[in-house]
Amino acid sequence: MLGTMLYGPRDVRCEEVPEPRILQPTDAIIRLSATCICGSDLWPYRGLNDVKSPMAMGHEYCGIVEEVGSAVTTVRPGRFVVGSFCISDNTCPHCRFGFQSSCEQREFMTGAQAPLARVPLADGTLVATGELPPDDLIPSLLAASDVLGTGWYAADAARVQPGSTVVVVGDGAVGLMGVLAAKQMGAGRIIAMSRHKTRQDLALEFGATDIISERGDAGVARIKALTNGIGADAVLECVGTPESMTQAIHCTRPGAMIGYVGVPHGVELNGQSLFFSQVGMLGGPAPVRRFLPHLMDLVLQRKIDPGKVFDLTLPLADVGEGYRAMDERRAIKTLLRV
C-alpha cells in the first residue's frame, strides 16, 4: 500500500510500505476513511526535530475496523471508530484520573497517513459510533482525533467559564479549535490573535468576538485595553514558541489559568517572573480520549462543525503538496483522501 514517509527536512514521500498486521492481541487494524496532516508534523518536516531514520507519518485517523486481536472486546470489524493520537489502555491510574495522554502504557500513534493503520490498545483508544456516519461528517470526526480534542483540552485546562473573557494565542488548526471550544463552554468574549484573513474569518465563524493582529508587547497592550487593564480570565496557548508563551503569560490576569498545548520549542520560563504573575498553567499532550465520546456526539448531532478547519483536500499521493501548503501557510490544515 502507499504510505507517507519523512526522510529529512522537507523530504516527505508517498511510497510503497508494508500493510500493517496484528502484532499484539490488543491491536486493531482499521481502514481509514480519511487522514490528514497535523501542524505538529511540520516540526520534523522543517528540521526542528531530528529525523535519524525514515519516519512513518500520521497520527490522526478514523475509519472502519478491519481486524482485531484476540483480546479486543469493545470494537469489532465493520464498526466505524475514532481514536486518539495518544494510545492508552484507559484503565491505568492516570487514565482513570482523566489523563490518558500520560497512560502507563502510552504510545504515540504513527503511520496513519496511509489507507490502513494498526492501533495498539484498541479497547482503550478507539471509540465506535452506533452506525456508519454520513460522508460529510468524516472531516469533523477526523478532527476529533487530535486538533479538536487538543483545542478542547486547552480550553478545559484554562478553566474557561460561562461569561469569561478568553484569549486564544495561535491561529492554526488547534487555536481555531480552541475558539470553537471556548464558545461551546459559554465564554462571553473570545479574543483570537491572528494576522491572516482566512483564519480570522474562520475564528469569527467559530465564535471569536474580537481579532487582534498585533504581537508581543503591542498585542498584550491591545488585550489590556480591551479588558480595562485587567487581562484575560483564561488564555489558550496553542503555538509553543518563547514569544507565544511570554505573550500568554503577560495577558493573563492574576489568579487565572493558561492552558498550553503547543509543543514547546525553545521555551524557557523565568521563575521569578512567573511567581509574581500569580498565573496558573496546565498543559501538555491532550488527553483526547477523555473528551472523545462527547466531541463525537456533538459532531454527530451537528452541533459543531470542526471539519471546516480543513481548507485543502488532496489525494494521499499528493501528500507532499499538502505539507508544502501548510508550511507556506497557504492552507490551515490538509485533509488526505485515501
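The values are calculated or read from the model by the stated rules, or taken from the named source; none is laboratory data. These numbers come from a predicted model, not from an experiment. Neighbour counts are summed over all protein chains in view; Cβ atoms, including those assigned to glycine, are modelled from backbone coordinates with ideal geometry. Areas reflect the complete protein model, heavy atoms only, side chains present, ligands, DNA and RNA absent. Shrake-Rupley method; radii C 1.70, N 1.55, O 1.52, S 1.80 Å.
Does Asp201 satisfy being open to solvent by 50 Å² or more (accessible area, probe 1.4 Å) and either free of Cβ contacts under 8 Å to residues at least 12 places away in the same chain or closer than 25 Å to Trp43 by Cα (or both)? Please lay out each step first, then the result.
Numbers: open to solvent by 50 Å² or more (accessible area, probe 1.4 Å): yes; either free of Cβ contacts under 8 Å to residues at least 12 places away in the same chain or closer than 25 Å to Trp43 by Cα (or both): yes.
Judged against the criteria, Asp201 is a match.
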Please verify whether segment 118-127 includes one or more residues that are open to solvent by 20 Å² or more (accessible area, probe 1.4 Å), more than 16 Å from the chain's Cα centre (by Cα) and over 17 Å from Met296 (Cβ atoms). yes
Check on Ala221, open to solvent by 10 Å² or more (accessible area, probe 1.4 Å) and aliphatic (A, V, I, L, M): yes
Test Leu137 against the criterion of being modelled with pLDDT of 95 or more, part of a helix (DSSP H, G or I) and touching a Pro at 6+ places or on another chain (Cβ under 9 Å), and give yes or no. no
Suppose the filter is assigned to a loop (DSSP other than H, G, I, E, B), in contact with a helix residue (DSSP H, G or I) (Cβ under 8 Å, 6 or more places away or on another chain), buried (at least 20 other Cβ atoms within 10 Å of the Cβ) and in contact (Cβ under 8 Å) with a residue 24 or more places away in the chain; does Val75 pass it? yes
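Could you look through segment 204-218, keep only residues that are part of a helix (DSSP H, G or I) and not acidic (Asp, Glu), and pick out the one that is least open to solvent (accessible area, probe 1.4 Å)? If you could, list the steps in order and put the result at the bottom.
Here is the first cut: in segment 204-218, the ones part of a helix (DSSP H, G or I) are 204-206, 216-218.
Now restrict to residues that are not acidic (Asp, Glu): 204, 206, 216, 218.
Values: Leu204: 84, Phe206: 19, Gly216: 36, Ala218: 51 Å².
Among those that are part of a helix (DSSP H, G or I) and not acidic (Asp, Glu), it is Phe206.
Here are some residues: Ser101, Ser88, Ser84. Which one is more than 24 Å from Leu316 (Cα to Cα), among the small types (Gly, Ala, Ser), open to solvent by less than 60 Å² (accessible area, probe 1.4 Å) and in contact with a helix residue (DSSP H, G or I) (Cβ under 6 Å, 6 or more places away or on another chain)?
None of the other options fit; the residue is Ser88.
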Among the residues of segment 146-196 satisfying the criterion of being farther than 23 Å from Lys224 by Cα and among the hydroxyl-bearing types (Ser, Thr, Tyr), which is nearest to the chain's Cα centre (by Cα)? Thr150
Index of the failed condition, Ala117 passing every other in (1) among the aliphatic types (A, V, I, L, M); (2) assigned to a loop (DSSP other than H, G, I, E, B); (3) touching a residue at least 60 places away in the same chain (Cβ under 8 Å): (2)
Could you count how many residues in segment 19-65 are under 26 Å from Gly284 (Cβ atoms) and under 18 Å from the mean Cα position of the chain (by Cα)? 17
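Each row is one residue, and each column tells you yes or no for (1) loosely packed, with under 14 Cβ neighbours inside 10 Å; (2) assigned to a strand (DSSP E or B); (3) among the basic types (Lys, Arg).
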position: Leu32; (1), (2), (3): no, yes, no
position: Pro44; (1), (2), (3): no, no, no
position: Ser53; (1), (2), (3): yes, no, no
position: Gly63; (1), (2), (3): no, yes, no
